[in-house]
Amino acid sequence: MRDAAQTGDFCIRTKGRRIVIIGNGISGITCARHIRKRDPEAHITIVSGETEHFFSRTALMYIYMGHMTYAHTKPYEDWFWEKNRLELVHDWVTSINFEQKELQLQQQEPLKYDILILALGSKPNMFNWPGQELEGVQGLYTYQDLQKMNDNTANCRHAVVVGGGLIGVEMVEMLLSRNIPVTFLVREKHFWEHILPKEESELVMRHLREHHVDLRLQTALKELLDDGAGKVSAVVTASGEEIPCQFVGLAVGVKPNIELVRNTQLEVNKGILVDQRFATNIPNVFAIGDCAEYRVPVPQRQRIEQVWYTGRMHGETLAHNLTHPEPVAYTPGPWFNSAKFFDIEYQTYGMVPSRWEEPVTSFYWEHADGKIAFRAVFNGETKKLHGVNCLGMRLRHDFFDQALRESWTVEQVLVKLHEANFDPEFYERHHRDILQAYNRQLGTDLQQEKKEKKGLLSYLWR
Amino acid sequence: MNAIQKLGLGVFLLALLLFNALLFMGRFELTVQELEQSVKQEHVEVLRQELQPMLGKTYTSSFGFATDFNRYLDNYNEEQQRSQQWDRVIWDDYAFALARVASQGFVENNKLLLLFLTVILGAAGALVNILPKYRGEPAGIKNNGIMFSSNKARGVVGITIGVYLTAIYVLLYWYPEYLVNWALLVDPLSYALSGGPASQWFLYGTIYTLAILVMGVRMFRKYKGNNYQLLRTASVMFFQLSFAFLIPEVLVLLNLPWYDLKNIWPLDYDFFFEYSVASMLGSGSIGLFLFIWGILLIILAVPLFTYFYGKRWYCSWVCGCGGLAETAGDPYRHLSDKSLKAWKVERWMVHGILVIITVITLLTIANFFTEFALLKQSTDMLHQWYGFLIGSAFAGVIGVGFYPLMGNRVWCRFGCPLAAYLGLVQRFKSRFRITTNGGQCISCGNCSTYCEMGIDVRWYAQRGQNIVRSSCVGCGICASVCPRGVLKLENGTEQGRITDIPFLTGNESINVLN
Ligand SMILES: Cc1cc2nc3c(=O)[nH]c(=O)nc-3n(C[C@H](O)[C@H](O)[C@H](O)COP(=O)(O)OP(=O)(O)OC[C@H]3O[C@@H](n4cnc5c(N)ncnc54)[C@H](O)[C@@H]3O)c2cc1C
Ligand code: SF4
């Protein structure tokens, strides 16, 4: 597929244009906020059926665990929307008439638009397992899913979570926080195998077991059994083992939530097809966030990007394009991401694949306690850094953003690694050990670049 | 909770029950001799007459005794006021002192035993409950279930504790005669330290210190593996035990004025009032040293340390109010109001109080140097009102009593004039800031939720802006609970500290202007 040719002006630019955004997730909201900054006249309406206000989807687990209430997860106070004249419509869109430029809503009057932004998000994958519709079996994506999980686990004695990815591990942690024992089924040989190299994956798995997770590798789900009353009573694995349980969390990935626009004029594949400025095939209709699929992917990136940060950057970029005469192509900087596995934080900068081939090579260091690790992947010949993973420690985004943009070598990075440290004060520091390990493994003799500056008494605080 | 922990909690609750029951125990009988020894010479005659019905009478609790005493004294005073005999009105507060000497019987005779059964056993029970916490679990902060907890989420338990604490503070500040039995308990300790009997303030200091120590141990458990939290907690425990509790008593033992060496004006609001200056300057070279030390803290230590480290060097490492908030108050930290409105109220209130105490202090000093020609004795009235409203009602009753209702830093945030002064330095001339880590924030809200000062940390973090706020006490909890490693407390160069129009790292398409 090629990028559609640019047709005429990018979008309607009349004063007081009606911009309607479907979806109040991070991408839709970011876009709305940035449009408002640049276009004080536009009528901006945000429609969403899930919740009236924007909340942080990434924080769903903390509501279940009792760290926060739903109210805590709202990034803006409720007065924010009216003050910025962002009209909120709490309803489901049932269909879109692209000709009439009109949305049908489930409860309320139809809505007219000049510009339509689709920020529909994702929904959990389901693989047609027998019994997946039983009560007590569910995915986790929406706020309603969370409420359901709350009800479904009220009297649960044993739970099973299927799927070795981030949402799976979050569900396991959620259940354990309520003292519900969990069996965690992972189809692959290692946890999060297609993303994490073996050592990192093993480190994480050790930690899961330390938290008494019953982790079953190379175990696929075959079917779910009925207790006779429409509730789940057990799962059966591919090898035929039956694991009794009262709750099953299905976390085997997400897919774009595009039922609304399937079989319309809008061109879709897995997601809504967009060019690099987020325009769809229909003029004045755009798509961003989890539901968008690039016709031509950005180099080194997936066609569909389903993370918080990309959703935000899509929103920023589209808002720019809608409010500036010269639209720009989406150009994300070096990749970054982060997650947390129980108590172990994970950050990554640049590209660290789970496996690599010559001339790409890697350097790995792990702390003696087995809970802190650092990996750099680089070109073995030129030493140019491709990316880093770190577990159990924090690194500075800006440092690696610069290093990757300016194509530093791994050695340039390692001799300055103390500058990248983002751990809290008084934490044990690892840059010397890491440099030593590198010297040992690669037979080099690198020295740390000049010591960090010492202000008055600052040695007390660093 | 395992069986041992439950046992600990049970012991603690029983000890607490007995402790409270003590207030209703004992016998109180005032003799003429005791009366004569406890009041000023000029009042002996009057009181002997007025209290005639009480003398030799046996009361079965301090409540009956104190109520009668207050009634007789009020009757007498009202009479004098009606007949305009102002000089005959008795302003001195004898209720606590008389209840002390009148006390007999069970509590008076079993001080050590009861001290053991209540305070010591209670603390031990609490420790037995706390020490096994998180044992065998990997290090990492677990805030599981906090929002479902009746105690921590303003449920029945939380409200009950709030009402109880508030009531205790009201008694302590204004009706200490009802707490006389508690003071008796710590008599042995007081004699050992300063050679004198325990006042209600010694009692308060003992419980306060114990609360910081025991709940400090809880901090060690809860935040294990987090060196910043561990050191900070150890620091407040140390400063409370030594500077606030032991050293002042030793000073008293040496016949010097009671003085907490880390208490700084304007938190220590009466530092410049005539009576404290007179007491310091009247105590020889050590008194003079204390006076100069106090002034150096105000004009040197505050700006200098705050420039280098932010106000945290005091508020969450040294201060006694902060010490209690950071230990006993930690379970309630998320109850602070994060709204923009609360921030507006905060700024007016806390700076308003700083202005008021500064004006009062300047008037007092001016009055002193003009040999009271300026305002005569009317500064006394200002002192009393400030002491009543701010020193007692706000800092004490609301400051601590409202922990389970409004969070653990209500006083520090809305009331403390020293925090306001430190905050001004921190905001405008300091190297301290909370750095945000590029574009890594996922807006989850843990940081804002657990900010005890009600700072909406997320608001800054999600737009990539450093957090430079006058109220930040640098407790570091936001950085500890952030699941994505976004926040770091740092002392760095002043340049680049305040980023007014930040842009988030990661998107090269545009430089996003927020
Ligand atoms: C449990 C969980 C944890 C996660 N953790 C992380 C993480 O740690 N880091 C990370 O980078 N990413 C994480 N993600 C992924 C991240 O949350 C998503 O990538 C991001 O929220 C997508 O944002 P969005 O704006 O594209 O869509 P969404 O946030 O999904 O918003 C779409 C909105 O559109 C509404 N909508 C859809 N169709 C209609 C309709 N027909 N009518 C009305 N409204 C409609 C939906 O109700 C929804 O509110 C997590 C996801 C989940 C589920
Ligand atoms: S806790 Fe961390 S990730 Fe969550 S909102 Fe705060 S800074 Fe962002």
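The values are calculated or read from the model by the stated rules, or taken from the named source; none is laboratory data. Since the structure is predicted, the reported quantities are computational estimates derived from the model, not experimental observations. Neighbour counts are summed over all protein chains in view; Cβ atoms, including those assigned to glycine, are modelled from backbone coordinates with ideal geometry. For accessibility, only protein heavy atoms count, side chains too; no ligands or nucleic acids. Shrake-Rupley method; radii C 1.70, N 1.55, O 1.52, S 1.80 Å.
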Does the stretch A:239-376 classify as rounded, prolate or oblate by the C-alpha gyration tensor (a ≥ b ≥ c root eigenvalues; a/c under 1.5 gives rounded; else a/b over b/c gives prolate, otherwise oblate)?
oblate
For the stretch B:137-250, whose charge dipole is built from +1 on Lys and Arg Cβ atoms and -1 on Asp and Glu Cβ atoms, the candidate among B:M219, B:N143, B:Y175 with its Cα farthest towards the positive end is B:N143
At what distance in angstrom do the alpha carbon centres of the stretch A:335-371 and the stretch B:367-440 lie from each other?
48 Å
Would you pull out the residues with amide H under 5 Å of A:A234's amide H, same chain only if 5 or more places away, H placed 1.01 Å from N?
A:L225, A:C245
List the chymotrypsin sites (Phe, Trp or Tyr not before Pro) in the stretch A:113-198 that DSSP assigns to loop (not H, G, I, E or B) and whose Cβ has at most 16 other Cβ atoms within 10 Å. Which are they?
A:F127
Filter the trypsin sites (Lys or Arg not before Pro) in the stretch A:294-340 down to the DSSP loop ones having no more than 14 other Cβ atoms within 10 Å, then list what survives.
A:R301
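For the protein assembly as shown, compute Rg over Rh where Rg is the Cα radius of gyration and Rh is the Kirkwood radius from the inverse mean 1/r over Cα pairs.
Details: Rg = 33.1 Å, Rh = 32.0 Å.
Reported Rg/Rh, Kirkwood definition of Rh: 1.03.
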Hey, got the average number of other protein chain Cβ atoms within 10 angstrom for residues in B:472-479?
1
The equivalent-ellipsoid semi-axes of chain B, taken as the square roots of five times the Cα gyration tensor eigenvalues and listed largest first in whole Å, are 44, 30, 20
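Beyond a 24 Å Cα-Cα separation, which of these cross-linked pairs lie in this structure: A:K123/A:K340; A:K74/B:K429; A:K340/A:K371? Could you put the intermediate results ahead of the total?
Working: A:K123/A:K340 22 Å; A:K74/B:K429 33 Å; A:K340/A:K371 13 Å.
Check vs 24 Å cut-off fails for A:K74/B:K429.
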Sorted largest first, the Cα spans of the stretch A:302-436 on the principal axes come out in Å as 54, 36, 26
Net charge near B:C482: determine it from the other residues with C-beta under 10 Å of the C-beta of B:C482, scoring Lys and Arg +1 and Asp and Glu -1.
+4
Across peptide A:56-65, what mean number of C-beta atoms from other chains lies inside 10 Å of a residue's C-beta?
5
Convex hull volume per residue in cubic angstrom - Cα atoms of the stretch B:445-496:
80 Å³
Where does each of A:51-59, B:340-348 land if you order them by average Cβ count within 10 Å, highest first?
A:51-59, B:340-348
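Treating only the Cβ of Lys, Arg, Asp and Glu as charged (+1, +1, -1, -1), what charge dipole size does the stretch B:208-315 show about its Cα centre? Round to the nearest 20 debye.
840 debye
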Using alpha carbons only, how many angstrom separate the centre of the stretch B:40-88 from the centre of the stretch A:153-192?
72 Å
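I'd like to compare A:319-326, A:199-206, A:171-178: which one has the highest average count of other Cβ atoms within 10 Å, and what's the full order after that? The partial results should precede the final answer.
Values: A:319-326: 17.8, A:199-206: 20.1, A:171-178: 22.6.
Result, highest mean first: A:171-178, A:199-206, A:319-326.
Just flag the GluC sites (Glu not before Pro) in the stretch A:335-427 sitting in loop per DSSP whose Cβ has no more than 11 other Cβ atoms within 10 Å.
Details: sites: A:E345, A:E357, A:E366, A:E381, A:E406, A:E411, A:E419, A:E425; in loops: A:E357, A:E381, A:E406, A:E425.
Passing both the DSSP loop test and the Cβ count: A:E357, A:E381, A:E406.
For chain A, what's the relative contact order in percent, using C-alpha pairs closer than 8 Å and at least 6 residues apart? Please list the in-between numbers first.
On the way: 921 pairs, mean separation 63.9, N = 462.
The normalised contact order for chain A reaches 14 percent.
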Cα Rg, Dmax (largest Cα-Cα span) when computed across the stretch B:3-81, Å
18.9, 62
Along the stretch B:282-298, what does the Karplus equation 6.51 cos²θ - 1.76 cosθ + 1.60 (θ = phi - 60°) give for ³J(HN,Hα), rounded to whole Hz, x for Gly and Pro?
x, 10, x, 5, 5, x, 5, 4, 4, 5, 5, 3, x, 6, 4, 4, 5
In a shell of Cβ-Cβ distance under 14 Å around B:L35, excluding B:L35 itself, what net charge do Lys and Arg (+1) and Asp and Glu (-1) give?
-4
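Sorted by packing (mean other beta-carbon atoms within 10 Å per residue), highest first, where do B:283-291, A:14-22, B:203-211 land?
On the way: B:283-291: 15.2, A:14-22: 18.6, B:203-211: 20.6.
Listed from highest to lowest mean packing, they are B:203-211, A:14-22, B:283-291.
Students often get this wrong, so check it: of A:K198/B:K142; A:K189/A:K270; A:K83/B:K341, which have C-alpha atoms separated by over 19 Å? Can you show the working numbers first?
Values: A:K198/B:K142 28 Å; A:K189/A:K270 27 Å; A:K83/B:K341 14 Å.
Violating the 19 Å Cα-Cα cut-off are A:K198/B:K142; A:K189/A:K270.
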For the stretch B:379-387, Karplus couplings with θ = phi - 60° (6.51, -1.76, 1.60), whole Hz, Gly/Pro x:
4, 4, 5, 4, 4, 5, 5, 4, x
Non-local residues with an amide H under 5 Å from the amide H of A:H386, with H modelled 1.01 Å from N and Pro and chain starts lacking one, are A:V377, A:F378, A:N379
In whole angstrom, how far apart do the alpha carbon centroids of the stretch B:187-213 and the stretch B:227-266 sit?
13 Å
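Taking the Cα centre of chain A as the origin, how large is its charge dipole in debye, to the nearest 20, when only Lys and Arg (+1) and Asp and Glu (-1) carry charge on their Cβ atoms? Could you put the intermediate results ahead of the total?
Numbers: 53 positive and 60 negative charges, 211 e Å.
Roughly 1020 debye for chain A.
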Using only the alpha carbons of the stretch A:137-252, determine the length spanned along each of the three principal axes and report them from longest to shortest in whole angstroms.
44, 32, 24
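For the stretch B:276-335, what D do you get in µm² per second when you plug the Kirkwood radius from alpha-carbon pairs into Stokes-Einstein at 20 °C and 1.002 mPa s?
158 µm²/s
In a shell of Cβ-Cβ distance under 9 Å around B:P138, excluding B:P138 itself, what net charge do Lys and Arg (+1) and Asp and Glu (-1) give?
Numbers: positive: A:K371; negative: A:E210, A:D343, B:E137.
Surrounding charge for B:P138 is -2.
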Enumerate the calculated ³J(HN,Hα) couplings along the stretch A:372-377 in order (Karplus 6.51 cos²θ - 1.76 cosθ + 1.60, θ = phi - 60°), each rounded to whole Hz, writing x wherever the residue is Gly or Pro.
10, 8, 9, 10, 10, 10
For B:137-145, mean number of other protein chain Cβ atoms within 10 Å
6
At A:Q108 and A:E358, where each label point lies 7 Å from the Cα along Cα→Cβ, what is the point-to-point distance in nanometres?
6.3 nm
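Put A:D91, A:D398 in order of accessible area, largest first, 1.4 Å probe: what do you get?
Details: A:D91 5, A:D398 80 Å².
Final ranking, largest accessible area leading: A:D398, A:D91.
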Where the Cα pairs of the stretch B:247-347 fall when distances are cut into 10 Å bins, in %:
13, 34, 32, 16, 5, 0
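Multiply the residue separation of B:A3 and B:V46 by 0.36 nm, subtract the distance between their alpha-carbon atoms, and state the gained length in nm to one decimal.
On the way: separation 43, 0.36 × 43 = 15.48 nm, distance 5.96 nm.
Extending this stretch completely gives an extra 9.5 nm.
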Positive-end extreme of charge dipole, chain B - chosen from B:S339, B:Y72, B:F394 (charges on Cβ):
B:S339
Against the globular-protein guess of 2.2 N^0.38 Å, express the Cα radius of gyration of the stretch A:1-148 as a ratio, rounded to two decimals.
1.21
Cα-centre dipole for the protein assembly as shown with unit charges at Cβ (Lys and Arg positive, Asp and Glu negative), debye to 20
1560 debye
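Please list the three semi-axes, largest first and in whole Å, of the ellipsoid equivalent to the stretch B:124-254, using sqrt of 5 times the eigenvalues of its alpha carbon gyration tensor.
Details: eigenvalues 193, 92, 26 Å².
Ellipsoid semi-axes (Å, largest first): 31, 22, 11.
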Among B:L47, B:G464, B:A192, pick out the residue whose Cα is farthest towards the positive end of the charge dipole of chain B, where Lys and Arg carry +1 and Asp and Glu carry -1 on C-beta, about the Cα centre.
B:G464
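How much of the calculated P(r) for chain A lies past 38 Å, in percent of all Cα pairs? Working shown, then result.
Details: 35485 of 106491 pairs.
When all Cα pairs of chain A are counted, 33 percent exceed 38 Å.
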Return the percentage of antiparallel bridges among DSSP beta bridges fully within the protein assembly as shown, rounded to the nearest 5 %.
60 percent
Collect residues whose amide H, placed 1.01 Å from N in the peptide plane, falls under 5 Å from the amide H of A:F336; neighbours closer than 5 in sequence don't count.
A:G350
